[in-house]
């Protein structure tokens, strides 16, 4: 019976577009039926597409699988390509010339279109990883937003996260002085000269993405969480090797009334991992055959359907 339901939901997935600054933004809408709650899935960092894949080896399709799973729970979804990338390539000439505020504006553009299409009073924002920052930024203008679902989202400023990741790997020791100096410059809003930088650091401090990194450095997710009264669900998997438990804790400290969901075996791409072996964890990033963690799906469904504060009057204040 379940396979028949999944097939029916997949058949209801249709392309959807909204206007961007220079061209259309493109996404996929999964229609779970009239009066169904609607969730906008906001993708994570870098060239991540609407399905949750990217050219750097992630082919696990977490957003597509999540959308299909939520469809079986009677929840509609829209997952979109980011401004300037993939199906949304025409929206801006240079995908690197963006800010978190730009992505937040795109989220509002989508939610207005979704409200018009579905008749919903408000739309739920689900931000994964960096998408959690976008959802929090969008929530600073809460009209039309039911609430936030922050999945594997940072709870601390980006500079602190990068320092932690660099210092955690002993192999980075020779690179640390230059890397930490570059971080300090970006945090101060100053571009970094990479002409004499070691090759391993060039990807992190690519001059083309430095303006976006400077913008990211100024984002304070905990402060943004504290400043909104919208309902929040914070999700962090126990096998996530990219976002620490400290990030979920920081978000929860900022909003103690938020719900906290911590699937013990879920990793960063929303799949279950049986062991603590890093290689086994990373192998799931390339496996679209693995299902989404069922506790995540159940938890999101319970939050969206059980949270009473969906009316426009709550979302608009």
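Values computed for the structure shown
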{"read-out": "Counted residues, the stretch 63-79 - those being surrounded by 21 or more Cβ atoms within 10 Å (Cβ to Cβ), touching a helix residue (DSSP H, G or I) at 6+ places or on another chain (Cβ under 9 Å) and touching a residue at least 60 places away in the same chain (Cβ under 8 Å)", "value": "7"}
{"read-out": "Leading residue by the ranking (nearest to residue 64 (Cα to Cα)) among those in the stretch 113-143 that are out of contact with any strand residue (DSSP E or B) (no Cβ under 8 Å at 6 or more places or on another chain) and not in a loop (DSSP other than H, G, I, E, B)", "value": "130"}
{"read-out": "Helices (runs of 4 or more DSSP H) (entirely within the stretch 156-247) containing at least 1 residues that are crowded, with 17+ Cβ neighbours inside 10 Å and more than 19 Å from the chain's Cα centre (by Cα)", "value": "158-168, 176-187, 199-202, 210-217"}
{"read-out": "Residue within the stretch 147-158 that is at pLDDT below 95 and closer than 25 Å to residue 224 by Cβ present", "value": "yes"}
{"read-out": "Filter pass, residue 26 being in contact with a strand residue (DSSP E or B) (Cβ under 8 Å, 6 or more places away or on another chain) and either outside the structural domain of residue 118 (by TED's automatic domain parsing) or at pLDDT 95 or above (or both)", "value": "yes"}
{"read-out": "Qualifying residue in the stretch 290-303 (condition: assigned to a loop (DSSP other than H, G, I, E, B), touching a residue at least 12 places away in the same chain (Cβ under 8 Å) and under 22 Å from residue 101 (Cβ atoms))", "value": "no"}
{"read-out": "Failed criterion for residue 279 (all others in (1) out of contact with any helix residue (DSSP H, G or I) (no Cβ under 9 Å at 6 or more places or on another chain); (2) more than 17 Å from residue 234 (Cα to Cα); (3) in contact (Cβ under 8 Å) with a residue 12 or more places away in the chain hold)", "value": "(3)"}
{"read-out": "Qualifying residue in the stretch 259-274 (condition: in the same structural domain as residue 232 (by TED's automatic domain parsing), over 17 Å from the mean Cα position of the chain (by Cα), exposed (fewer than 14 other Cβ atoms within 10 Å of the Cβ) and at pLDDT below 95)", "value": "yes"}
{"read-out": "Verdict on residue 90 being on the phi < 0 side of the Ramachandran plot, part of a helix (DSSP H, G or I) and surrounded by fewer than 16 Cβ atoms within 10 Å (Cβ to Cβ)", "value": "yes"}
{"read-out": "Number of positions in the stretch 27-45 that are crowded, with 19+ Cβ neighbours inside 10 Å and closer than 26 Å to residue 210 by Cα", "value": "4"}
{"read-out": "Checking residue 57 against (1) closer than 27 Å to residue 271 by Cβ; (2) surrounded by 23 or more Cβ atoms within 10 Å (Cβ to Cβ), the condition it does not meet", "value": "(2)"}
{"read-out": "Test for residue 241: is it at pLDDT below 95 and not assigned by TED's automatic domain parsing to the domain that holds residue 191", "value": "yes"}
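Listed here are the residues, each with its yes/no results for (1) over 16 Å from residue 75 (Cβ atoms); (2) in contact (Cβ under 8 Å) with a residue 24 or more places away in the chain; (3) assigned to a strand (DSSP E or B).
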residue	(1), (2), (3)
18	yes, yes, yes
26	yes, yes, yes
29	no, yes, yes
32	no, yes, no
39	no, yes, yes
44	yes, yes, no
47	yes, yes, no
52	yes, yes, no
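The values are calculated or read from the model by the stated rules, or taken from the named source; none is laboratory data. Note that the structure is a prediction, hence the values are computed from the model and not measured. Ideal geometry is used to build each Cβ from the backbone, glycine not excepted, and the neighbour counts take in all protein chains shown.
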